[in-house]
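For reference, the structure discussed in these notes is given below.
The values are calculated or read from the model by the stated rules, or taken from the named source; none is laboratory data. Computed from a predicted model, the values in this text were never measured in an experiment. Cβ: placed from backbone, ideal geometry, glycine included. Neighbour counts: every protein chain shown. We work out accessible area using only protein heavy atoms, side chains counted, and drop any ligands, DNA or RNA first. Shrake-Rupley method; radii C 1.70, N 1.55, O 1.52, S 1.80 Å.
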Amino acid sequence: MSELSRFFIELAERWQRRWREAGVFEPEPSFGVPKFFITAAYPYPNGAIHIGHGRTYLIADVLSRFHRHMERRVLFPMGFHYTGTPILTIAEAIAAGDKTVIEEYMEIYGVPEEEIRKMGDPLYLARYFHEQSKRAMERFGLGIDWSREFTTIDPEYQRFIQWQFEKLRKRGLIVRGKHPVGWCPRHSMPVGAHDTKDDKEPDVGQWTLIYFVDGEGLTFPTATLRPETAPGVTNLWINPDADYVVAEFDGRRVVVSRDAAFRLSFQGEVKVLREAKGREFVGRRVQNPVTGEWVEIYEARFVDPKVGTGVVMSVPAHAPYDYAALRDMGVERLIPLIRVEGYGEYPAKEVVERMGIKSQTDPALEEATKEVYSAEYNRGVMREEVAERVGQHLPEPARSMVRAVFKMFFAGRPVREARDFIARWLVESGLGGVMYDIMNKPVYCRCGTEIVVKVLEDQWFINYGDPRWKEMARKLIEEMAIVPGEAKTHFLATVDWLDKRACARTRGLGTPLPWSRGWVIESLSDSTIYMAFYTVIKKIRQFGIRPEQLTEEFWDYVFLGQGSVEEVARRTGVPPEALKAIREEFDYWYPLDSRNSGKDLIPNHLTFFIFNHVAIFPREKWPRQIVANGWVLREGEKMSKSKRNVLPLDKAVEMYGPDPLRATLAIAAEVEQDLDFRDAEARRNAQQLMAIYALVQRIAQTAEERAPSSLDLWLVSEVAQILERVKEAYQRVRVRQAAVDALYNAKSVFDQYLSMVEKPSKLAVEAAKAWVVAMEPIAPHLAEELWVALGGKGFAALAPWPSLKADPAALLAKRYVDMLIEDVKKIPTFGPGTRRVVIYVNRHFEWAKAALGGDVRAAIQAGAPPQIAKRLVDLLRSLGEEVRSLVASVENFDELEALTAFKPYVEKTLGVSVEVHDAESASAPDLGGKKKAALPLKPGIYLSS
Ligand SMILES: [Zn+2]
């Protein structure tokens with residue numbers, strides 16, 4: 001801990017204590033007063049929270065503090081997510097003596113040895129990190145209402161989640177049945193993004209199997225994503241060196257890779273008869289079930305036994321890999337199937353040749369494949385003559401019948417339609433099947449086992465595939481504010497692909513499924529509408545309501561306003577006044593005004609949050625905003641436990657102090673960008689805050705009572721402008737922009753002011769107080785300290801947003817003087833030898849105003865001599881937008897007065913002495929003939945040594 005961080009920590013502890021004692025962050029509803037209810041995703045207490053969590057919480061805290069200044073009641077609560085496998089798997093690893101996990105926890109999180117031994121108990125582990133994370137959040141200065149804190153295994157919460165699930169079930173959104181899910185073979189349990197290493201969502205996809213059969217009745221099921229190309233197969237591929245098996249599957253004797261047999265065994269009965277190397281099957285002839293043609297099995301080392309079945313069909317006209325591999329063997333046999341505008345008969349061959357691909361190992365084949373697949377899928381049409389290739393082995397009338405079907409649904413159809421048709425046709429006619437697989441493999445369970453796809457028979461699912469439900473979710477996404485705006489398309493895409501999702505597990509902490517024994521609701525399903533629970537839990541406890549009183553009628557009344565209060569009171573034993581107060585509190589705080597989390601939760605949690613809100617609550621209670629922030633890197637690298645570079649939040653607070661850490665997490669990147677946390681930057685921000693501290697103390701201690709000078713008015717105006725920008729930035733969730741203005745740009749203005757005045761005035765104290773309020777959301781502890789020093793009443797945290805007025809004349813004076821300084825510097829003879837600058841001002845501001853419209857005649861009418869009017873119009877045209885609008889809004893502006901007021905500033909900046917004259921004053925000497933050069937807003941300048 002450095003001297004500087006110690007200073008900030010001590011200061012913060014003092015204010016954290018005072019906030020706590022005064023209950024600053026524990027709001028009660030105040031009817032008629034506007035409110036702002038904001039939440040950030042609660043953490044799993046399976047480790048210490050780090051600066052990545054810290055960033056999300058900070059953004060929520062900044063917004064909540066800002067809205068408090070906008071005179072709203074603000075609620076920012078926090079809970080802890082004990083549910084499911086994220087905690088369980090860590091506890092299991094520790095209990096099993098897993099060296100890596102234990103070392104990580106001791107080294108990165110600093111867990112003492114006597115504690116780590118107890119962490120084999122998941123509940124102990126959760127409680128430990130719960131308390132530790134809570135302490136870190138407090139020390140970080142988050143304005144959280146802890147009176148509403150809960151965990152997801154509290155009995156009240158469980159009653160609430162059970163109510164939610166009964167509601168979903170009654171609305172037909174929970175289904176039971178057969179469905180493929182990501183699955184950990186070791187845990188025998190479905191796994192989602194929060195159960196996997198690196199939180200990777202397993203992408204469950206589907207291969208079409210096509211059964212090619214050899215002369216002995218042995219089936220070679222090829223796995224393909226493009227079944228529509230089956231009529232153009234010229235050969236199959238098998239990896240001669242890989243391990244295969246002969247097995248019974250789907251009523252057949254099949255040859256698949258050993259790995260595929262393992263994966264298939266989670267989707268149906270697989271009985272392995274014997275093992276074999278791939279080369280045993282090379283050279284066999286098999287029959288294409290679609291065309292009846294016999295093709296040969298060739299060897300190919302590019303066939304990956306871990307993908308699909310390890311048996312691949314070859315379609316060289318439309319698959320660049322197949323074309324290149326066959327060409328390497330000196331074989332060219334091409335069967336065209338698909339017409340695509342912009343390509344000839346054999347798109348694969350064409351692209352391979354155009355890209356100059358040399359062999360089947362050329363990495364450019366990936367690119368070629370993407371091009372051909374996407375062109376064919378999006379714009380391709382099956383050729384008419386393809387139907388004639390089908391059923392060559394069938395006797396009449398079967399052959400004509402199958403060709404008639406293919407003519408209707410396949411030939412001449414767009415590729416996407418033809419694909420759906422043939423996939424269904426293969427399954428229905430028993431010539432093929434379906435195999436599920438993890439398409440973004442490998443994905444690992446937190447226990448280290450690679451995930452497979454299991455077809456579950458009796459699983460409970462939330463049916464996010466329900467089209468009417470999807471429609472409502474889309475409606476909410478269209479209505480709500482999403483930061484960043486681009487994320488909206490991610491949400492809509494997620495709504496499109498989401499389907500049934502397993503919502504219960506057979507193990508882990510959590511809430512039992514109310515209607516079926518042995519199931520626990522999993523963690524991404526019990527965390528979708530809990531924001532509503534914050535609004536009621538405090539009063540449930542205050543009224544001493546027991547968990548068994550929290551019945552369906554209770555929640556229906558509280559959340560949905562259903563039933564009469566007397567009736568619900570009679571049936572639950574909860575007093576009517578308690579019911580009313582709880583209902584009122586929910587009604588006051590809901591809907592949620594802002595939901596904050598990292599962007600990794602867009603494809604799961606945040607979308608489920610949208611779905612469940614539209615399913616449970618009436619439209620006026622739907623959430624209003626989502627803020628999804630980017631990642632946090634450390635010194636340019638991704639933080640990971642294995643690299644030991646994870647920075648826990650409490651450690652970061654210790655290293656830099658809370659306010660410097662907050663400033664750094666606010667300033668280093670705008671909300672949606674990835675943030676690279678750098679030690680040097682954090683130290684620089686600590687210096688900056690320290691400089692602000694010293695500067696404000698100086699103002700507080702030296703300010704004097706006096707009539708406001710131009711400089712004082714300028715300061716107030718400049719600060720007023722910055723405050724307006726900061727306010728707009730907070731409103732638009734541009735936290736970085738707000739922080740840069742509040743901590744850096746405002747500071748420069750005060751620095752300049754102090755360099756220009758002998759002593760600050762009381763007006764500067766008012767400006768500084770306003771500034772302190774603007775910085776409070778970012779650096780709240782420092783703000784409180786300075787607020788007191790400046791004589792502020794109460795807490796800075798509770799001060800209303802300041803209403804400073806900008807005086808355009810004062811701003812114009814400063815801009816004018818700065819332009820003059822730039823003009824002097826541009827004079828070629830200006831240099832170290834320049835001792836004196838004589839300035840001649842033209843005081844006819846009314847000419848400048850008249851010239852603003854760009855009309856020379858208007859300037860002449862205002863009294864400007866014709867030779868000046870033309871130059872003046874050009875001058876005004878060349879000025880920046882801000883200055884032009886100031887000229888327009890200012891009635892009277894006297895350059896002589898402005899220069900007199902800012903004379904010390906000009907002299908100091910240029911390192912010269914300054915003399916100012918009215919160009920029309922007869923008594924002034926006309927040095928260098930510069931009198932006549934003076935235009936309004938552009939004085940004549942004479943330099944002398
Ligand atoms: Zn596992």
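Each label was represented as a point 7 Å from its Cα along the Cα-to-Cβ direction; for Arg171 and Glu897 these points are 6.5 nm apart.
Computed from backbone phi with θ = phi - 60° and the Karplus coefficients 6.51, -1.76 and 1.60, the 3J(HN,Hα) list for the range 111-119 is 6, x, 4, 5, 7, 4, 5, 7, 7 Hz; x is used for glycine and proline. The P(r) of the range 591-723 has a tail past 18 Å containing 71 percent of all C-alpha pairs. For His81, the residues whose modelled amide H falls within less than 5 Å of its own, excluding neighbours fewer than 5 places apart on the same chain, are Tyr44. Among the listed pairs Lys903/Lys938; Lys306/Lys349; Lys134/Lys638, a Cα-Cα separation exceeding 18 Å is found for Lys306/Lys349; Lys134/Lys638. From the largest down, the range 327-427 spans 47, 30, 25 angstrom on the principal axes of its Cα atoms. Between Val33 and Glu724, the simple label model (points 7 Å from Cα in the Cβ direction) yields a spacing of 2.9 nm. The alpha carbon centroids of the range 105-150 and the range 167-216 are separated by 34 Å. Computed from label points 7 Å out along Cα-Cβ, the spacing between Lys793 and Glu10 is 3.1 nm. So in the chain, what percent of DSSP beta bridges are antiparallel if you round to the nearest 5? Bridges in the chain that DSSP calls antiparallel: roughly 70 percent. Computing FRET efficiency as 1/(1 + (r/R0)^6) for Ser755 and Ala493, where r is the C-beta to C-beta distance and R0 is 60 Å, gives about 0.65. Amide H contacts of Lys35 (H built 1.01 Å from N, in plane; Pro and chain starts excluded): Arg73 sit under 5 Å, all sequence-distant by 5 or more or on other chains.
Using only Cα atoms, what Kirkwood radius does the chain have, in angstroms? Show your work: numbers first, answer last.
Details: mean 1/r = 0.0298 Å⁻¹.
With all distinct Cα pairs of the chain included, I get 33.5 Å.
Within the range 884-933, the proportion of C-alpha pairs whose separation exceeds 18 Å stands at 51%. In this structure the amide hydrogen of Ser913, modeled in the peptide plane, comes within under 5 Å of the amide hydrogens of Arg836, Val837, none closer than 5 places in sequence on its chain. Computed over the chain, the per-residue total of -39500 (n - 2.57) for DSSP H runs of n ≥ 4 gives a 222 nm mean residue ellipticity of -13500 deg cm²/dmol, rounded to 500. With Cα atoms defining each centre, the range 549-589 and the range 913-934 are spaced 83 Å apart in the structure. If r is the Cβ-Cβ distance from Thr702 to Glu471 and R0 is 41 Å, what FRET efficiency results, to the nearest 0.05? My answer for the efficiency is 0.05.
In terms of Cα atoms, the Rg and Dmax of the range 129-226 work out to 23.4, 75 Å.
Here the chain exposes an accessible surface that is 50 percent carbon and sulfur, computed with a 1.4 Å probe and the other protein chains kept in place. Stretching the chain fully between Gln392 and Ser564 yields a gain of 54.6 nm (0.36 nm per residue, less the alpha carbon separation).
Ordering Ala628, Val295, Tyr905 by the projection of their Cα atoms onto the charge dipole of the chain, which places +1 on the Cβ of Lys and Arg and -1 on the Cβ of Asp and Glu, puts Tyr905 at the extreme positive end.
Quote to one decimal, in nm, the extra length available between Asp203 and Arg186 on full extension: 0.36 nm per residue of separation minus the C-alpha distance between them. Kindly include the intermediate steps, with their values, before the conclusion.
Values: separation 17, 0.36 × 17 = 6.12 nm, distance 1.91 nm.
Result for the pair: 4.2 nm of gain on full extension.
Dipole of the chain computed with +1 at Lys/Arg Cβ and -1 at Asp/Glu Cβ about the Cα centre; of Leu334, Ala707, Ala783, farthest Cα towards the positive end is Ala707.
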